[in-house]
2 protein chains.
Amino acid sequence: MSNQIVDRLYEKVEKNGVVCVGLDTDISYIPESIINEFTNIEDAIFQYNRRIIDATYDVVACFKLQIAYYEALGISGLIAYKKTLEYLRERKLITIADIKRGDIAATAKMYAKAHFTGEFESDFITLNPYMGMDSIEPYLPYLESKSKGIFALVKTSNKGSGDIQDCNIDGKGTVYDHVGNMIESLGRDFLGNSGYSSLGVVVGCTHIEQAKRLRENLKSSYFLIPGYGAQGGKAEDVAVSLRVGNGGVVNSSRKILLAYKEEENYLHFEDSSRKEAIRMREDIRRAVLELEAKNEG
Amino acid sequence: MSNQIVDRLYEKVEKNGVVCVGLDTDISYIPESIINEFTNIEDAIFQYNRRIIDATYDVVACFKLQIAYYEALGISGLIAYKKTLEYLRERKLITIADIKRGDIAATAKMYAKAHFTGEFESDFITLNPYMGMDSIEPYLPYLESKSKGIFALVKTSNKGSGDIQDCNIDGKGTVYDHVGNMIESLGRDFLGNSGYSSLGVVVGCTHIEQAKRLRENLKSSYFLIPGYGAQGGKAEDVAVSLRVGNGGVVNSSRKILLAYKEEENYLHFEDSSRKEAIRMREDIRRAVLELEAKNEG
């Protein structure tokens, strides 16, 4: 077995499909029955997350925690964040800490310590590359020594992502092409048996032509794909960022967390989340098969 | 009096000079006497920070907390972070939370809540603009309603900053020029009486020619200037990023925090920090005067 975390993720996607559950837990998402059951915020959030995890872990690839939602609640929120990660580690489920950090090397070392070890330890983290490759490098020793992984922002799912990422650089394509190429090149030192690297990239599914080109150019980069569902991305848009249904995981947060509201299923909210995770997985599977058929035909 | 926080910072620089004390407190920086005095990490860090603050507040412009150093210690570190910000608020001193966040609008709203309100409330925050202007906009309402401020990364002090920031975009100069222009333009809605905006920029003093050009082009942007001292920037390099000794604050972390080690002044470590803060202020004042003389001559 390879030492690279990307191989574990690849295997999980082969087995369970591409869904990444985004635990972007806002208090307003938690049903009253849970809120009333606990005397403090951290326990209510953790209990909510735990029930979603227990109900979905066998039909999804991994779990992503958007740390901003926890930071917004101060120390209590971060205790819930810590407890959720602890629980996921205990269950040996794969975690992505969506922290999008990026800083000079001395500071990057501190962020690496914060999110690859200790109370907030996660398998993967997301990073922002604006400050350059020396802001990514301090994390790389952990990819070998602790089987950790990274997803660096390349082309994000939001509308404004064009402001900087789409600019054309003299002789190097767009900014996102250039960033993608630099990350792909750094990532070649961390290839797993799957052919993918534990240094992956974030590519939104809301910009289809860009995603297609990136999928073609970045041969060994594993994709973290935001933008499906609430942000407007469709299964067809996701399919072009995958390779025969692997090579990436697709995040969904609100649509999975809030599925119970559609069904008015407040007591067994996690059952609705499971149904939505399965629906999403099958939706993407169908789109992948259709794309394969089209490519062969 | 204007409602813009940038005016408070401008006045403070007029009175106390340009030094920003970087409270990037690593445990290894804290003298043993303090460590032994307290039974938990958060109290030791807070006590160390408090003594540095008390010893320097009247000779500096503001205090910057690099949150990575606190995140690296988990919940305890973040309690020390919270306590330090609380103390600074109590003393009505100006704070910069160096968090370099950047995310889609829904997430940015959470970060704004996290760092402009509640337990981690700060006057200014730093932001990473890679995801575009819609990742900055959710913070802007706080500039009016709560007199908050922002420093967006434009040209950072590290070597690798060239990887992306220095790339030439067709017809728009470099990436950092383009980002600087977008921020300057957004910032015009938040101008104070000083002529500066509460939406400022981060421009390192380690790339002198770039800093000069940015200082000329970004008429109303207030600068947060890293890179002095430990990172190699000199007073002369800083002077070109200022206007007659204002228009920016200059961060120093390790050189101020660890000044006591140079003097083997372990018991009254904060006195060495004060001396270093004054030395740095006068060093930059001298360079500003020399530059003025040269420009007039």
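Return the residues of segment B:103-120 that are in contact with a Lys or Arg (Cβ under 7 Å, 6 or more places away or on another chain) and part of a loop (DSSP other than H, G, I, E, B); say none if nothing qualifies.
B:ASP103
Return the residues of segment B:174-191 that are out of contact with any helix residue (DSSP H, G or I) (no Cβ under 6 Å at 6 or more places or on another chain) and over 17 Å from B:LYS219 (Cα atoms); say none if nothing qualifies.
B:THR174
Condition first: open to solvent by less than 10 Å² (accessible area, probe 1.4 Å) and closer than 23 Å to B:GLU11 by Cβ. Can you find one or more residues in segment B:160-182 that meet it?
No, there is no match, as no residue in segment B:160-182 is open to solvent by less than 10 Å² (accessible area, probe 1.4 Å) and closer than 23 Å to B:GLU11 by Cβ.
Which count do you get for residues in segment A:110-131 that are closer than 19 Å to A:ILE79 by Cβ and open to solvent by less than 20 Å² (accessible area, probe 1.4 Å)?
4
Name every residue in segment B:125-156 that is facing chain A (nearest Cβ under 7 Å) and either among the hydroxyl-bearing types (Ser, Thr, Tyr) or on the phi > 0 side of the Ramachandran plot (or both), in order of residue number.
From segment B:125-156, those facing chain A (nearest Cβ under 7 Å) are B:128-135, B:153, B:156; that's our starting set.
Within segment B:125-156, B:TYR130, B:GLY132, B:SER135, B:THR156 qualify.
If you take the residues of segment A:109-124 that are small (Gly, Ala, Ser) and facing chain B (nearest Cβ under 8 Å), which of them is nearest to A:GLN66 (Cα to Cα)? Steps first, please.
Just the residues of segment A:109-124 that are small (Gly, Ala, Ser), to begin with: A:112, A:114, A:118, A:122.
Adding the requirement that they be facing chain B (nearest Cβ under 8 Å) leaves A:114, A:118.
Values: A:ALA114: 15, A:GLY118: 18 Å.
If we take residues in segment A:109-124 being small (Gly, Ala, Ser) and facing chain B (nearest Cβ under 8 Å), then A:ALA114 is nearest to A:GLN66 (Cα to Cα).
Test A:GLU144 against the stated conditions and say whether it is in contact (Cβ under 8 Å) with a residue 24 or more places away in the chain, assigned to a helix (DSSP H, G or I), within 22 Å of A:VAL13 (Cβ to Cβ) and in contact with a helix residue (DSSP H, G or I) (Cβ under 9 Å, 6 or more places away or on another chain).
So A:GLU144 does not fit the description; no.
How about segment B:262-282: which of its residues are open to solvent by 30 Å² or more (accessible area, probe 1.4 Å) and closer than 24 Å to B:GLU236 by Cα?
Listed by number, the residues that qualify are B:GLU262, B:ARG274, B:LYS275, B:ILE278, B:ARG279, B:ARG281, B:GLU282.
On the given criteria, is A:ASN251 outside any helix (DSSP H, G or I), open to solvent by less than 90 Å² (accessible area, probe 1.4 Å) and within 17 Å of A:ILE53 (Cβ to Cβ)?
yes
Do we find that B:LEU186 is farther than 25 Å from A:VAL179 by Cα, among the aliphatic types (A, V, I, L, M) and within 14 Å of chain A (Cβ to nearest Cβ) in this structure?
It is true that B:LEU186 is farther than 25 Å from A:VAL179 by Cα, among the aliphatic types (A, V, I, L, M) and within 14 Å of chain A (Cβ to nearest Cβ).
Would you confirm, using the coordinates I've provided, whether B:ILE125 is in contact with a Ser or Thr (Cβ under 8 Å, 6 or more places away or on another chain), β-branched (Val, Ile, Thr) and in a strand (DSSP E or B)?
no
Just the residues that are closer than 30 Å to A:VAL244 by Cα, out of contact with any strand residue (DSSP E or B) (no Cβ under 8 Å at 6 or more places or on another chain) and surrounded by 17 or more Cβ atoms within 10 Å (Cβ to Cβ), please, taken from segment A:41-56.
A:ALA55, the sole residue that qualifies.
Return yes or no: is B:ASP24 away from chain A (no Cβ under 14 Å), touching a residue at least 40 places away in the same chain (Cβ under 8 Å), among the acidic types (Asp, Glu) and within 20 Å of B:LYS255 (Cβ to Cβ)?
So B:ASP24 does not fit the description; no.
Tell me the residue from B:GLY195, B:GLY180, B:GLY187, B:GLY162 that is over 18 Å from B:GLY102 (Cβ atoms), in a helix (DSSP H, G or I) and modelled with pLDDT of 95 or more, please.
B:GLY162
Between a residue in segment B:74-101 that is facing chain A (nearest Cβ under 9 Å) and any residue that is of a type in the set (S, T, N, Q) and in a helix (DSSP H, G or I), which pairs come within a Cβ distance under 9 Å, given they are 6 or more apart or on different chains?
That search, which allows pairs on different chains as well, returns B:ASP98/A:THR107; B:LYS100/A:THR107; B:ARG101/B:THR107; B:ARG101/B:SER135.
Of all residues in segment B:200-223 being in a loop (DSSP other than H, G, I, E, B) and farther than 21 Å from B:TYR139 by Cα, which is most open to solvent (accessible area, probe 1.4 Å)?
Per the criteria, the residue is B:LYS219.
Residues of segment B:48-73 being in a helix (DSSP H, G or I) and away from chain A (no Cβ under 14 Å), which ones?
Within segment B:48-73, B:TYR48, B:ASN49, B:ARG50, B:ARG51, B:ILE52, B:ILE53, B:ASP54, B:ALA55, B:THR56 qualify.
For segment A:69-97, give me the residue count where each residue is under 22 Å from B:LYS109 (Cβ atoms) and open to solvent by 10 Å² or more (accessible area, probe 1.4 Å).
Here the count works out to 6.
If you check A:SER197 against the conditions, is it open to solvent by less than 10 Å² (accessible area, probe 1.4 Å), closer than 25 Å to A:LEU23 by Cα and either within 14 Å of chain B (Cβ to nearest Cβ) or more than 16 Å from the chain's Cα centre (by Cα) (or both)?
Against the criterion (open to solvent by less than 10 Å² (accessible area, probe 1.4 Å), closer than 25 Å to A:LEU23 by Cα and either within 14 Å of chain B (Cβ to nearest Cβ) or more than 16 Å from the chain's Cα centre (by Cα) (or both)), A:SER197 does not qualify.
Just name the residue that is surrounded by the most Cβ atoms within 10 Å (Cβ to Cβ) out of those in segment A:1-40 that are among the charged types (D, E, K, R) and part of a loop (DSSP other than H, G, I, E, B). Show your work before the answer.
Just the residues of segment A:1-40 that are among the charged types (D, E, K, R), to begin with: A:7-8, A:11-12, A:14-15, A:24, A:26, A:32, A:37.
So of that shortlist, the ones also part of a loop (DSSP other than H, G, I, E, B) come out as A:24, A:26.
On the way: A:ASP24: 22, A:ASP26: 18.
Among those residues, the one meeting the criterion is A:ASP24.
What number of residues in segment B:235-248 are under 18 Å from B:LYS219 (Cβ atoms) and β-branched (Val, Ile, Thr)?
Of the residues in segment B:235-248, 2 are under 18 Å from B:LYS219 (Cβ atoms) and β-branched (Val, Ile, Thr).
The values are calculated or read from the model by the stated rules, or taken from the named source; none is laboratory data. Quick caveat, the model's predicted, so the values are computed rather than measured. Reconstructed Cβ throughout: ideal geometry from the backbone, glycine too, with neighbour counts over all protein chains shown. Only protein heavy atoms, including side chains, enter the accessible area calculation; ligands, DNA and RNA are left aside. Shrake-Rupley method; radii C 1.70, N 1.55, O 1.52, S 1.80 Å.
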